[in-house]
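Participant: This structure is in structure tokens; I'll ask about it shortly.
The values are calculated or read from the model by the stated rules, or taken from the named source; none is laboratory data. Small disclaimer: the values here were computed from a predicted structure and weren't measured. Reconstructed Cβ throughout: ideal geometry from the backbone, glycine too, with neighbour counts over all protein chains shown.
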Amino acid sequence: MPASVPQRLDRTESQTCRVVSDCYAASGDNHDMRAVLIEQYNVMPTVVEVPAPSISPDGAVLRVQATGLCRSDWHGWQGHDSDITLPHVPGHEIAGTIAEIGSDVAGWSVGDRVTVPFVCACGQCEQCRSGNSQVCLEQQQPGFTYPGSFAEFVAVPHAAVNLVRLPDEIGFVAAAALGCRFATAYRGVTGVAGVQAGEWLTVFGCGGVGLSAVMIAAALGARVIAVDVNPAALSAAGRFGAEHAILFDHETPGRIRDITTGGAQVTMDALGSAAVVEASLRSLRPRGRHVQIGLLPGNTTVDVGALIGRELQWLGSHGMAARDYPQLLSLVRSAAVRPAELVTRVIGLDEVPAALVAMSDASPTGVTVICPGEQAGRHDGRDQQQPGCDSVQPEVVSGGGHDENRQHRVEEDPPAMPSGAEAKGRPGHE
Ligand SMILES: [Zn+2]
Ligand SMILES: [Zn+2]
């Protein structure tokens, strides 16, 4: 194992070892920390003491100040992610301060406020050298390929490549949403689709990624149509800048072609659904671009004839490179986009196991952010200045237009956009 690879929990030892700290392949002189530990798939995790990660010469160790709870964490707990080995600490939407910095890393100091992409890149491979570290060939992902941020500390490999400095005016809670859903939406709208001011963008699925895309595209001057099956989610999309918000049914493509006088220039599947893919391609004008962010079921078919005959582009999008964060951060600083408004709940580590389990059923509304410095029951707005958590005032987005309950909603509420979120492979961060 190269020195730069953060240690992971040892799977072989875990088969027999009952003492978690004995299983953790960290250096022996490190202190312990509290973390959410998954020891068996689909069994409630526990909050236990494990050794904190050790520092490598080119890495960093962060004190986690805030970390988002994403649908892909639930997929990992369910055993849907082949990159995870047990026992395991989830968590990949990270904002924190540098607790330790490797001896080879220049330009960073203990105490610096940072975030990191959920794809931590190597900085050396051909994709990294071309500026596309979001598809790094040697990528590591906290909370998937090594222990993540539902803990007091988390390691960051290749720190010079992956650390992103946070401006003082962006709080930790808002920043926790940037590492995955908001950054994914930003790159999907800008770097992948190249949405221009005045173009029509139709966003299918108004969960965390979808609402982020609505907010970002509207701020950049695009004309946005939001589509979902839940009126409350559409109401949220309207507040975040969608010009039109329409319930999904079989007439949706026709309505979009009418509204846009011939079809949208860009469509986005922020859900992961075969029905959405089909509707998207029918909603595009000739030479339109479709961005796929939600993971699709394995048997999904794409109308290749439509791609050819109307010269449509079908584009995949995966996270965002650390080097592209400054543009997004400047948009956040300008208050043109407000990721903190997606956050409806701030919890402590002790509440994570129940929150994760609850995502199997009807989950709490909105995006949940975990502050490991928080204690259970102390996050109701009175303690917004507590150490470990910044002063975001969660704004309740009514009705749950978010990832935590979209899947449940889609399954129950007709008309349905069938969800592809259960597909095998790397689960989407929808
Ligand atoms: Zn690389
Ligand atoms: Zn995620």
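Conditions tested, residue by residue: (1) free of Cβ contacts under 8 Å to residues at least 40 places away in the same chain; (2) under 22 Å from H92 (Cβ atoms); (3) under 20 Å from the mean Cα position of the chain (by Cα).
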{"site": "Q265", "(1), (2), (3)": "no, no, no"}
{"site": "M268", "(1), (2), (3)": "no, yes, yes"}
{"site": "A274", "(1), (2), (3)": "no, no, no"}
{"site": "P286", "(1), (2), (3)": "yes, no, no"}
{"site": "I293", "(1), (2), (3)": "no, yes, yes"}
{"site": "W314", "(1), (2), (3)": "yes, no, no"}
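Participant: N42 versus (1) within 23 Å of the chain's Cα centre (by Cα); (2) among the polar types (S, T, N, Q); (3) modelled with pLDDT under 85: which is the lone unmet condition?
Facilitator: (3)
Participant: Consider the stretch 148-161. How many of its residues are within 16 Å of ligand 2 (Cβ to nearest atom) and not in a strand (DSSP E or B)?
Facilitator: Initially, the stretch 148-161 is screened for residues within 16 Å of ligand 2 (Cβ to nearest atom), giving 148-150, 154.
Imposing the further condition that a residue be not in a strand (DSSP E or B) reduces the set to 148-150.
So the count comes out to 3.
Participant: Something else: Exactly one of these conditions fails for I225: (1) among the β-branched types (V, I, T); (2) within 24 Å of A177 (Cα to Cα); (3) in contact (Cβ under 8 Å) with a residue 40 or more places away in the chain. Give me its number.
Facilitator: (3)
Participant: A follow-up question, please. If you scan the stretch 109-125, which residues turn out to be outside any loop (DSSP other than H, G, I, E, B) and within 16 Å of ligand 2 (Cβ to nearest atom)?
Facilitator: Applying the first criterion (outside any loop (DSSP other than H, G, I, E, B)) to the stretch 109-125 yields 113-116, 120.
T115, V116, C120 - these are the residues of the stretch 109-125 that are outside any loop (DSSP other than H, G, I, E, B) and within 16 Å of ligand 2 (Cβ to nearest atom).
Participant: Return the residues of the stretch 64-108 that are charged (D, E, K, R) and within 13 Å of ligand 2 (Cβ to nearest atom); say none if nothing qualifies.
Facilitator: Once the filter is applied, which keeps residues that are charged (D, E, K, R) and within 13 Å of ligand 2 (Cβ to nearest atom), the stretch 64-108 yields R71, D73, D81, E93.
Participant: Hey, H88 hits all of (1) over 15 Å from G59 (Cα atoms); (2) surrounded by fewer than 24 Cβ atoms within 10 Å (Cβ to Cβ); (3) modelled with pLDDT of 95 or more; (4) over 17 Å from the mean Cα position of the chain (by Cα) but one; which does it fall short on?
Facilitator: (2)
Participant: Is there a residue in the stretch 56-66 that is without any contact (Cβ under 8 Å) to a residue 12 or more places away in the chain and assigned by TED's automatic domain parsing to the domain that holds P167?
Facilitator: No, the stretch 56-66 contains no residue that is without any contact (Cβ under 8 Å) to a residue 12 or more places away in the chain and assigned by TED's automatic domain parsing to the domain that holds P167.
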